[in-house]
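The values are calculated or read from the model by the stated rules, or taken from the named source; none is laboratory data. The structure presented is a predicted model; accordingly, all values stated were derived computationally and were not measured. Cβ atoms come from the backbone with ideal geometry, glycine included; neighbour counts cover every protein chain shown. With ligands, DNA and RNA removed, areas are computed over all heavy atoms of the protein, side chains included. Shrake-Rupley method; radii C 1.70, N 1.55, O 1.52, S 1.80 Å.
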Amino acid sequence: MGIYLVSVGAQEWFGEEEDGRGDVAAALNEELGRRGLAPYTSVPEETEFARGSGTAFEEKLVPPMDGFVALCRAHLSKAEEELLLGWTVLVPVSLDEEIELPVESAYDLTTTVAGAPQVLALAQRLAAAVELPSDEIPATSDNLELTSWFLDGQAKGTAAARPGRWGDDLDAAFYVAVYLRAAQHSIRRGCPVVYS
């Protein structure tokens, strides 16, 4: 059990069955149209799992978030912090502000949609602030790569060999990496990323 952050393919995104997110997709497109923006319809199909392919995203949010929240408060405005931490669906669409939809999500009575380009910019600022070694951490997250890298000891070893501010709080660094990679994945693949 626990909270996962996962990518969603077209069948689930537009699906009307129990696990489908068709209500979210329809409400989002209606709201995008109201704002004079194009509908978000180009969601790729889910592909067969291939480790390291970068076609899927899945991470488990295990460590405590206290250090990450403190990091956000130290480097982001209140509005930026709310944008980074407040979404339930991330889409590869540039949005000036979050969109709150009257559709129940897994953890709230509404669904809050954020644009991946805006979340990416905030995550990049935090990554720079903690000197996150982006070239050392896993580039893909299709099978809990970041979760494993941070929790199974590789991060500690890398922090010892390549010290920096990121190694002072590996739990906070984990969340910086997760939000960074989630936004990058959403933009690269053109798919939504959701809490599950």
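Evaluating kT/(6 pi eta Rh) at 25 °C and 0.890 mPa s, with the Kirkwood radius of the chain over Cα pairs in the Stokes-Einstein relation, gives 143 µm² s⁻¹.
How large is the accessible surface per residue of the stretch 1-84, computed with a 1.4 Å probe and reported in Å² as a whole number? If you can, show how the numbers build up before the last one.
Working: 4970 Å² over 84 residues.
Accessible area per residue: 59 Å².
Which residues does a label at His75 reach in the stretch 115-154, if reach means a backbone N under 13 Å from a point 7 Å past the Cα toward the Cβ? Once the point is set 7 Å along Cα→Cβ of His75, 120-134 turn out to lie under 13 Å by backbone N, inside the stretch 115-154. If I compute solvent accessible area with a 1.4 Å probe over the protein chains, what percent of it on the stretch 71-144 is carbon and sulfur? Within the stretch 71-144, the accessible surface is 49 percent carbon and sulfur.
Summing charges over neighbours of Thr47, with a neighbour being any other residue whose Cβ is under 12 Å away from its Cβ, gives -3 when K and R count +1 and D and E count -1.
GluC sites (Glu not before Pro) within the stretch 1-44: which are DSSP loop residues with at most 13 other Cβ atoms inside 10 Å?
Working: sites: Glu12, Glu16, Glu17, Glu18, Glu30, Glu31; in loops: Glu16, Glu17, Glu18.
In loop regions of the stretch 1-44 (DSSP not H, G, I, E or B), the sparsely surrounded GluC sites (Glu not before Pro) are Glu16, Glu17, Glu18.
Remark: the stretch 118-196 carries 39 Å² of accessible area per residue (probe radius 1.4 Å; ligands, DNA and RNA excluded).
How far, in nm, would the chain grow between Glu30 and Glu100 when pulled straight, counting 0.36 nm per residue and subtracting the alpha carbon separation?
Values: separation 70, 0.36 × 70 = 25.20 nm, distance 1.20 nm.
Length gained between Glu30 and Glu100: 24.0 nm.
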